[in-house]
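First the structure, in the form of structure tokens, and then the observations on it.
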Amino acid sequence: MLFSDRHIIREQLSRADLVIGAVLIPGAKAPRLIERADLGLMKPGSVIIDVAIDQGGCVETSRPTTHSEPTYIVDEVLHYCVTNMPGAVGRTSTYALCNVTLPWVLVIANRGIKWAAAELPAVAQSINIIGGEVTKRGGRPHVRPAAQQTPGDQVNRGDGRTLNQRDPSCKRSSGPT
């Protein structure tokens with residue numbers, strides 16, 4: 001395993017034919033990990049794909065491109081910096097997004113937003129505005145970060161017992177009232 005510090009990145013640039021920059025800091029601009037001078041370390045004809053371009057890019061020489069004109073060359077290095085890359089495969093990306101979000105939507109629909117926010121820290125962290133009140137400022141939640149969860153995780157019922165939301169015996173509301 002390699003950690004992305006400045007020394008390791010520069011060392012690997014000289015060996016790579018393809019570099020994929022994928023940095024995400026929620027609510028913030030992507031940090032610059034590769035400077036223009038670093039392109040001189042790369043082999044002519046190498047490729048950089050900057051997936052972080054939607055957050056400003058993590059390569060100094062990155063600039064937003066489109067699906068109709070996706071590439072450009074800087075210092076003999078081909079750059080691909082298309083914004084909204086999933087837009088090239090809209091149907092597939094829609095299915096992927098739906099498959100990931102549907103379990104959360106079902107939990108919220110069956111249990112209500114108040115229950116979901118109280119019992120699932122990941123839901124609480126995802127709420128931007130509730131009851132007319134902003135819950136996040138600058139992309140940072142006003143709640144303490146929680147461990148990664150999925151809707152099927154064991155959750156605390158508040159009475160010292162836990163339940164598994166995927167269990168069919170899990171009591172559900174009859175829907176919105």
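Data overview
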| quantity | calculated |
| --- | --- |
| Qualifying residue in the stretch 145-165 (condition: modelled with pLDDT of 50 or more, outside any loop (DSSP other than H, G, I, E, B) and touching a Ser or Thr at 6+ places or on another chain (Cβ under 9 Å)) | no |
| Cross-chain or 6+ apart pairs with Cβ under 6 Å, the stretch 62-77 first and in contact (Cβ under 8 Å) with a residue 40 or more places away in the chain, then surrounded by 14 or more Cβ atoms within 10 Å (Cβ to Cβ) and part of a strand (DSSP E or B) | SER62/ASP50 |
| In the stretch 84-116, residue nearest to ALA52 (Cα to Cα) [restricted to those that are surrounded by 14 or more Cβ atoms within 10 Å (Cβ to Cβ) and polar (S, T, N, Q)] | SER93 |
| Condition broken by GLU69, with the remaining ones in (1) touching a helix residue (DSSP H, G or I) at 6+ places or on another chain (Cβ under 9 Å); (2) over 30 Å from ASN128 (Cα atoms) satisfied | (1) |
| Residue in the stretch 31-68 that is farthest from PRO86 (Cα to Cα), counting only those that are among the acidic types (Asp, Glu) and within 25 Å of the chain's Cα centre (by Cα) | GLU35 |
| GLY175, sole failed condition from (1) surrounded by 11 or more Cβ atoms within 10 Å (Cβ to Cβ); (2) modelled with pLDDT under 70 | (1) |
| Checking LEU2 against (1) surrounded by fewer than 19 Cβ atoms within 10 Å (Cβ to Cβ); (2) modelled with pLDDT of 90 or more; (3) farther than 29 Å from GLY131 by Cα; (4) of a type in the set (A, V, I, L, M), the condition it does not meet | (2) |
| Conditions (1) without any contact (Cβ under 8 Å) to a residue 60 or more places away in the chain; (2) in contact with a helix residue (DSSP H, G or I) (Cβ under 8 Å, 6 or more places away or on another chain); (3) on the phi < 0 side of the Ramachandran plot; number of the one not met by ASN84 | (3) |
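The values are calculated or read from the model by the stated rules, or taken from the named source; none is laboratory data. Worth saying up front: this structure is predicted, and the values here are computed from it rather than measured. All Cβ positions, glycine included, derive from the backbone under ideal geometry; neighbour counts span all protein chains shown.
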